[in-house]
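Any read-out appearing in this document is the output of simple, stated calculations on the displayed coordinates, not a laboratory observation. Keep in mind it's a predicted model, so treat the numbers as computed, not measured. Here Cβ is always computed from backbone atoms with ideal geometry, including for glycine, and neighbour counts include all displayed protein chains.
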Amino acid sequence: RTLDDLTDVAGKRVLLRADLNVPTSDGKITDRTRIDRLCPTIRELANKGARVVVCSHFDRPRGKRVPEMSLAPMAEALSDALERPVGFADDCIGPVAEAAVAALKDGEILLLENTRFHAGEEKNDPAMAAALAKLADVYVNDAFSAAHRAHASTEGVAHLLPAYAGRLMQAELDALQAALGKPARPVVAIVGGAKVSTKLDLLGNLSGKVDVLVIGGAMANTFLAAQGAAMGRSLQEAEMHATALDILETAKDNNCEVLLPVDLVAAERFEAGSPHRTVSAMSVPEDMMALDVGPETVRMIEARLRGASTLVWNGPLGAFEIPPFDTATVEVAAMVASLTASAGLVSIGGGGDTVSALRHAGVLDRMTYVSSAGGAFLEWLEGKTLPGVAALGG
Ligand code: 3PG
C-alpha cells in the first residue's frame with residue numbers, strides 16, 4: 001500500500017520512518033541525497049493535513065545517548081530542504097515525544113531524536129514498537145535503505161499500525177523490480193569493489209538472473225589469480241580462489257557470461273598519479289598493483305552495454321578516488337548515461353560507494369535510477385527478503 005491508498009489522512013498523526021543516516025564529516029552533512037529524496041513524502045503528507053512525525057536512526061550509538069549522534073541538527077537540514085518549519089523532540093518515545101506530538105497541528109512536521117538511543121530499537125523490542133505506535137494513527141515507511149534491519153521502527157511498529165510505503169520506498173522498489181523482477185533482456189550487471197568475500201551472495205544471485213556479469217574492481221584480481229594470472233602486488237583474496245572458480249562454474253551452468261578484465265592499469269603505488277601502465281590481465285609485473293581495468297576491457301564492456309536493455313551497477317571498476325584510476329569507471333558511466341538517454345537502457349545503480357563513483361563520473365542524474373541505499377540495495381540484489389519491506393506486506 002502506498003500513499004495513494006492513504007486518502008483520509010487530514011488531522012491524523014503519521015509516524016514516518018525516514019533514513020536520515022546521512023554522511024557527515026566534523027558534524028557537517030556531506031551528502032544531502034537522502035534528505036532531498038525524503039522531501040516529496042513529507043510534503044505530500046503535510047499538504048494533505050497530516051501531522052507528520054519523522055523518526056530515524058543515525059549512526060550506531062548502540063542503545064546509548066551519544067550527543068554527537070543526535071538528530072537535532074537534522075531538523076534544521078530538513079527544514080531548509082522543505083522550506084518549512086520542522087520541530088524537534090529530544091526523545092523518540094515516552095513523555096517528551098508524546099507531548100511534542102500532542103502539540104502538533106495539522107500539516108506540521110516534527111522530527112524525533114535518534115531511535116537507536118534506545119536499546120529496544122535494534123532488538124526489535126515489542127515494548128519499543130508499542131511506544132512508537134502510541135505516537136501515531138498511521139505508519140509510513142520511507143526508509144528503504146534501512147529496510148534490511150528488523151528493528152522496532154522499521155519492522156515491529158509496522159505490525160501495530162496501518163502501514164504504507166512512502167514515495168521514496170515506492171521508487172526504490174519499482175526500480176529494483178524493473179532491474180531484476182521482470183527486466184527487459186539482455187540484462188548486464190557490473191559488480192566492482194574490493195572483496196569477493198563480501199559479495200558472494202550477490203554474485204551467486206546475479207549469476208542466476210543476468211545475461212552478462214561484468215566483474216571489475218579489486219575483486220576481479222581474485223578471479224584472475226584463481227585462473228592462474230600473476231597479480232604482482234595487487235589486492236586480492238588468496239583464500240577465495242576456490243570460491244571464485246565455483247562462481248564462474250555456476251555462472252556457466254546458468255548461461256551467464258562472466259566478463260573479467262583482459263587488461264589492467266597497473267601502478268607502482270596506491271597514490272594519485274603514481275607511475276602506471278596498461279598490462280595484460282594475466283601478468284601484472286611483480287612490483288606493480290592493478291588499480292583499474294584497461295582500455296580493451298572498457299571496449300568489451302561497452303560492446304555488451306550496447307546490446308543490453310537493462311543494467312544493474314554495483315561497485316566501481318577501479319580505484320576511482322585516485323585519478324587517473326577513475327578512467328574506466330568514468331568512461332563506462334558516460335556510456336551508460338548516453339545509452340540511457342538515447343537507446344532506452346534501463347540503468348539502475350546503488351550500494352556501497354557506487355553513488356560516490358557515479359557522482360564523481362557526473363552521471364548521478366543521468367541514470368534511470370540510483371538507489372540511496374547501501375546494505376539494503378545489496379541484500380535486495382542478493383535475493384534476500386528485507387524485513388522492513390515484508391512488514392509492509394510487499
Ligand atoms: C545505511 O546507511 O545503509 C542505513 O542507514 C543502515 O545503517 P546501518 O548499517 O547502521 O544499519
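Longer than 18 Å from Cα to Cα, which of Lys64/Lys134; Lys195/Lys252; Lys123/Lys195; Lys199/Lys384 are they? Say none if no pair is. In this structure, Lys64/Lys134; Lys195/Lys252; Lys123/Lys195 lie more than 18 Å apart at Cα. Across the stretch 93-226, Cα-Cα distances exceeding 21 Å account for 58% of all pairs. Which percent, nearest 5, of DSSP beta bridges in the stretch 201-341 are antiparallel? Approximately 70 percent, going by the DSSP bridge assignments. Taking the Cα atoms only, what angle lies between the long axis of helix 241-253 and the longest principal axis of the chain, rounded to 10 degrees? Computed tilt is about 90 degrees. Each of the peptides 63-73, 183-193, 45-55 was scored by the mean count of other Cβ atoms within 10 Å over its residues; in descending order, highest first, they stand as 45-55, 183-193, 63-73.
Hydrodynamic estimate: the Kirkwood radius of the stretch 342-391 over Cα pairs, inserted into Stokes-Einstein at 20 °C and 1.002 mPa s, corresponds to D of 180 µm²/s. Net charge in the neighbourhood of Leu16 (other residues with Cβ under 14 Å of its Cβ; Lys, Arg +1, Asp, Glu -1) is +4.
Whole-percent P(r), the stretch 3-168, all Cα pairs, 10 Å bins from 0: 11, 45, 37, 6, 0. Computed over the chain, the Cα gyration tensor eigenvalues convert (square root of 5λ each) into semi-axes of 42, 21, 19 Å, ordered from largest to smallest. When peptides 270-278, 81-89 are ranked by their average number of other Cβ atoms within 10 Å per residue, the highest-first order is 81-89, 270-278.
Among the DSSP beta bridges whose two residues both lie in the stretch 3-168, what percent are antiparallel, rounded to the nearest 5? Just about 10 percent of them are antiparallel. Net charge of the neighbourhood of Thr243, taken over other residues with C-beta under 12 Å away and scored Lys/Arg +1, Asp/Glu -1, is -3. Where both bridge residues fall in the chain, DSSP classifies roughly 20% of the beta bridges as antiparallel.
Could you please rank Thr2, Thr243, Thr354, placing first whichever residue has the fewest other Cβ atoms within 10 Å of its Cβ?
Thr2, Thr243, Thr354
Averaged over residues, the count of other Cβ atoms within 10 Å places the peptides 5-15, 362-372 in the sequence 362-372, 5-15, highest first.
Over 17 Å, how big is the tail of the calculated P(r) for the stretch 22-116, in percent of all Cα pairs?
The proportion of pairs with Cα distances above 17 Å equals 49 percent.
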